[in-house]
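Visitor: I'd like to ask some things about the structure below.
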Amino acid sequence: MSIFKSRRPSAPHTTPTISVVVPLYNHARYIQAALDSVLSQTSPADEIILIDDGSKDNGFELAQQMLAKVPHAKFHKQENAGAHNTINRAIGISRSEYVAVLNSDDVFAPTKLERVRAIVHDRPGVGLIAGKPGIMDDNSVRQNSGVAIDWLGRAANFLNETGLPQLALLNENFVATTSNMVFTRALWEAAGGFQPLRYCHDLDFLMFAYAQSSVFLDREHEHIVYRVHENNTIKEDLSKVRVEIAAVIAQALFASGPRLFSAGIDGRDLSAFLTFLSNKQLTEVICFFQTVLPAFPTRAAFYEYAADACNAVAFRAAVTG
């Protein structure tokens, strides 16, 4: 049974072209629902690029069966290289003006691409678009309460209270996942692709978009349903996740500076920032990363250093208190 209400297709916007890229890894249980959500869009994707990242299950074979007769679909299999590398490779193969990522355990809302095309029509030049995420469990049952819903509620409250979307995303990444992002090829190229981060490559890309382009948060329209389950990558190692978060925050503060705040940069901005620091409990590590960041020639080099730091006892102790 579909988790969405049926909706009759409407006349699609003719621009822009959109490629959907699907990184697949050990998600045989979910891949059919993911691909079905792409194939049933009210405004179709111009192409679909799927790359299996060395899965050990039969997800790739299931995907092949679904896409075999789809003329605008391409599918590949590779040795395991990690999520950011797989997404970057898929985007490199794609050819459209805009790219929509769909992780193989999530699903698109039926009107996602139609809505994106409407936004681009109304806001020419927008660099990145993200919408409202729904939440489902391992069995595709919609969730209206629980840890993930509480997290989205806290995120919405901080944004509503401060009116500072970029800082609010650093506080709680309510975009939630790369599956919720549609962005221009030019932005991806300018960013040097998704960076070598295991847990926070989505947040880093959002921060780059804010610093170097324009972001539209379509908060009133659901774009995706994010699947919460025991094998979500973000649940692997909390201390490593927190070290990466501290690195991304340091990079964002360095790159965006006062653009994180209102035009007046007044006491309300300071109050919001202090609340943010209190919420994250990462101030010391953020300050350290900001201090050493100029020593690295590129974001990638800095994040490679941060990845090594994730394994260092001192860093792991600092983020766990």
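Visitor: Convex hull over the alpha-carbon atoms of segment 240-320: what's its volume per residue in Å³? Please list the in-between numbers first.
Guide: Values: hull volume 7.0 nm³, N = 81.
Output value, Cα hull per residue: 86 Å³.
Visitor: Against the globular-protein guess of 2.2 N^0.38 Å, express the Cα radius of gyration of the chain as a ratio, rounded to two decimals. Before the final figure, lay out each step's value.
Guide: Values: Rg = 19.2 Å, N = 321, 2.2 N^0.38 = 19.7 Å.
Taking N as the residue count of the chain, the ratio is 0.97.
Visitor: What are the aspartates and glutamates whose alpha-carbon lies under 18 Å from the alpha-carbon of K112, with same-chain residues fewer than 8 places away excluded?
Guide: Cα-Cα hits under 18 Å: D36, D46, E47, E97, D122, D218, E220, E222.
Visitor: What does the helix-only formula give at 222 nm for the chain: each DSSP H stretch with n ≥ 4 adding -39500 (n - 2.57), the total divided by the residues, and the result rounded to the nearest 500 deg cm²/dmol?
Guide: Counting only the DSSP helices, I get -13500 deg cm²/dmol.
Visitor: Using 0.36 nm times the number of residues separating T320 and S214, minus their current alpha carbon distance, what extension gain do you get?
Guide: Numbers: separation 106, 0.36 × 106 = 38.16 nm, distance 3.43 nm.
Contour length minus the Cα-Cα distance gives 34.7 nm.
Visitor: At 7 Å along Cα-to-Cβ for each site, give me the label-to-label distance between R142 and E304 in nm.
Guide: Taking the simple label geometry, R142 and E304 are separated by 4.6 nm.
Visitor: Further, regarding this structure: Can you tell me the length gained on complete extension of the stretch A312 to R268, counting 0.36 nm per residue apart and subtracting the Cα distance? All intermediate terms of the calculation are to be shown ahead of the outcome.
Guide: Working: separation 44, 0.36 × 44 = 15.84 nm, distance 3.65 nm.
Gain in length upon complete extension: 12.2 nm.
Visitor: Remind me, relative contact order of segment 18-231 in percent, using alpha carbon pairs under 8 angstrom and six or more residues apart?
Guide: 27 percent
Visitor: Determine, from the Cβ-Cβ distance of S239 and Q64 and an R0 of 41 Å, the FRET efficiency 1/(1 + (r/R0)^6), rounded to the nearest 0.05. If you can, show how the numbers build up before the last one.
Guide: Details: r = 38 Å, r/R0 = 0.94.
Efficiency at R0 = 41 Å is approximately 0.60.
Visitor: So, one more: In whole Å, what are the Cα extents of segment 18-146 along the three principal axes, biggest one first?
Guide: 43, 39, 28
Visitor: Which distance in nm do the two modelled labels at E97 and T283 give, with both placed 7 Å along the Cα-to-Cβ direction?
Guide: Here the modelled spin labels are 4.7 nm apart.
Visitor: Can you list, largest first and rounded to whole Å, the semi-axes you get for segment 35-79 by taking the square root of 5 times each eigenvalue of its Cα gyration tensor?
Guide: Numbers: eigenvalues 83, 22, 16 Å².
Listed largest to smallest, the semi-axes of segment 35-79 are 20, 10, 9 Å.
Visitor: Karplus couplings for segment 200-212 from phi (6.51 cos²θ - 1.76 cosθ + 1.60, θ = phi - 60°), rounded to Hz, Gly and Pro as x?
Guide: 10, 5, 5, 5, 4, 5, 4, 5, 4, 4, 5, 6, 10
Visitor: For a 28 Å ceiling on Cα separation, which of these pairs sit above it: K77/K132; K56/K240; K77/K280?
Guide: Working: K77/K132 31 Å; K56/K240 25 Å; K77/K280 38 Å.
Checking Cα-Cα distances, K77/K132; K77/K280 exceed 28 Å.
None of the figures in this text is laboratory data; all of them are computed from the coordinates on show. Since the model is a prediction, treat every value here as computed from it, not as a measurement. Methodologically, a virtual Cβ is constructed for each residue, glycine included, from the backbone with ideal geometry; neighbour enumeration extends over all protein chains shown.
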